[in-house]
1. When you scan the stretch 345-367, how many residues do you find that are in a helix (DSSP H, G or I) and surrounded by fewer than 24 Cβ atoms within 10 Å (Cβ to Cβ)?
2. For the stretch 216-254, give me each residue that is at pLDDT below 90, assigned to a helix (DSSP H, G or I) and within 22 Å of the chain's Cα centre (by Cα).
3. Just checking, does the stretch 269-292 include any residue being modelled with pLDDT of 85 or more, more than 26 Å from THR139 (Cβ to Cβ) and surrounded by fewer than 21 Cβ atoms within 10 Å (Cβ to Cβ)?
4. Before we move on, is ILE10 surrounded by fewer than 24 Cβ atoms within 10 Å (Cβ to Cβ) and closer than 23 Å to ARG163 by Cα?
5. Does the stretch 28-39 hold any residues that are crowded, with 24+ Cβ neighbours inside 10 Å and in contact with a Phe, Trp or Tyr (Cβ under 7 Å, 6 or more places away or on another chain), and which are they?
6. Can you pull out every residue in the stretch 47-58 that is farther than 11 Å from VAL400 by Cα and not polar (S, T, N, Q)?
7. Which numbered condition in (1) modelled with pLDDT under 85; (2) within 30 Å of LEU367 (Cβ to Cβ); (3) surrounded by fewer than 22 Cβ atoms within 10 Å (Cβ to Cβ); (4) not aliphatic (A, V, I, L, M) is the only one that ASP472 fails?
Amino acid sequence: MTTRGRGATIALACAGVFVAYLPVVTVSVSLPAIQRALGATTAQLSWVSDAFVLPVAALILTAGVFSDVHGRKKVYQVGLALCAAGALVALCARSVQMLWAGQALAGAGAAALLPVTLALISHAVPDHRERGKYIGLWTTAMMAAMALPPLLAGVILDHVGWRWVFLLPVPLALVTMLVAARLLDESRGHVDRRLDWPGQLTAALAITALIYGVIEGGAESFTHPKAVVALVVAVLSAAAFVRVELRSASPMLNLSLFRSPAFTASTLAAMISFLGLIGFFFVLSLYFGLVQQLTTLESATRMVLVNLVSMVLGLVMGRVMRHVPARVLITVGLLIAAVALFALTTVGIGTSFGSVAWRLALLGLGLGLAFPCITGIAVASVPPQWAGMAAAGNNAFRQVGGALGPALMGALLTVQAVGTLPGHLADAGLTGERARQITETAEASGIGAVAGMELGVHTERALAAMSEAFLDGLRLCLFVAAALLLLAALAAAVLLRARRPVTAPPAGAGGPAATADATAAPVGAEARRSSPAHVTGVPTIAPDQG
């Protein structure tokens, strides 16, 4: 590949991940406006976020296989087209269900873009010693997509309407498609892979049933028949997926990858941390909108601090990782992020911008230290011919955590807030029939529905009680999110010390042969010589692993 071609490929990979991640925080800061405009319940708001994340988690592994079989350029173009189509549907949405459909289309596009953009970088920069700084740029582009557009969304929502926050991905995706059609070279994986439909179906069913069960359990009860059936289906489907993948000659996810402690550590850390963090952003946006009564722009200004700090830090992480072990960066970064979440448990109704800002900046510092290493380890801990599968697998588990986050935190928020609301109403002097009416509204439509009630002279006291109940739920969510980050830090600290190599399965026995490409680095001892962090889980990370 020429120098110009490599530069174009890397730039387009960064543009692709930017487009893919545009809806994540942009939609989060818009949730209060969407709730007011569409009259959505907390459970329905959870689905606004999860309608995007769910297809990402369910389809990302198959997208990786498609790119290997049919070509990365084709999958890249299809991903951009789906992102544009999803944004157009959301832009025209007149109901929450139509908004779900648009988010689902955009999520399918992101599922195609996330693994293929990392695979494009691996193809353009085969030297693992050089690749790290470009994966660092990929991470910075991802953080930029979560830092800059929310500010634009804030301006749009304060002057136009919530639908227009979905406009930006349309021209960006279409322009990127035109540039890619001219400058991006076609490439495929090095191994002979086939589509794994049984694996795809069982994985999609397991993930969908799990998310549905958690959301319905939070909205109704985890003993409700719908929630119980969904969770049982999720467990059975997950077991079927493992069985199918172990027997498949061309698995969608080769489970022998998990013999690598480094890959396992990065995957667990990504999934657990995203579970806590995406759920945290979900409830934080509601806190700013419902409790502090901030405009969308004011909310975005606060939330953007996390990604802005991470994005700036990402610009220098390539150099930092040359000298600091990955185990240290990931563990310390996740610990810092956990401390920031614990610090946020003290916020109240009138907490100032400065008091919130340093906590969110601290959270961004922790994530900026940890996430580039997590992404880099997933790709670098396996031989080159499995890089696409590793990237897709790591992103799939990351998105499963991200999909569970709003569902879990929304359920915790609702249960805790509705449970403590009667006490706060009594403290505010609201009892009897009026208190019962408010409580029933919160139980039926979520705690935020109280803000839309016509309560006359009782409105101010009811809103104060609602805010206090919401803060009870918020604190529970923050404690859970912080505990999840501590668990992710522990997983990284323990597993990245292991030194067990992974050996390749023979061809036709659960995965591709290591010898499928004569130029590809083999698995096992030779892989450990060719890449400092390949499969052994060594405590240092090569410059290419950012």
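1. Residues meeting the conditions: 11.
2. The answer is GLU216, GLY217, GLY218.
3. yes
4. Spelling it out, it is not the case that ILE10 is surrounded by fewer than 24 Cβ atoms within 10 Å (Cβ to Cβ) and closer than 23 Å to ARG163 by Cα.
5. Within the stretch 28-39, SER28, SER30 meet the criteria.
6. So the first thing to find is which residues in the stretch 47-58 are farther than 11 Å from VAL400 by Cα, and the list is 47-49, 51-52.
Correct list: TRP47, VAL48, ALA51, PHE52.
7. With (1) modelled with pLDDT under 85; (2) within 30 Å of LEU367 (Cβ to Cβ); (3) surrounded by fewer than 22 Cβ atoms within 10 Å (Cβ to Cβ); (4) not aliphatic (A, V, I, L, M) applied to ASP472, the lone miss is (1).
Per-residue answers, yes or no, for (1) more than 30 Å from PHE470 (Cα to Cα); (2) open to solvent by less than 10 Å² (accessible area, probe 1.4 Å); (3) in a helix (DSSP H, G or I):
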site	(1), (2), (3)
LEU369	yes, no, yes
ASN395	yes, yes, yes
ARG398	no, yes, yes
ALA403	no, yes, yes
LEU412	no, no, yes
GLY423	no, no, yes
GLY429	no, no, no
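The values are calculated or read from the model by the stated rules, or taken from the named source; none is laboratory data. Remember, predicted model here, so these are calculated numbers, not experimental data. Note that we place each Cβ from the backbone using ideal geometry, even for glycine, and neighbour counts take in every protein chain shown. What goes into the accessible areas is simple: the full protein's heavy atoms, side chains included, and nothing from ligands, DNA or RNA. Shrake-Rupley method; radii C 1.70, N 1.55, O 1.52, S 1.80 Å.
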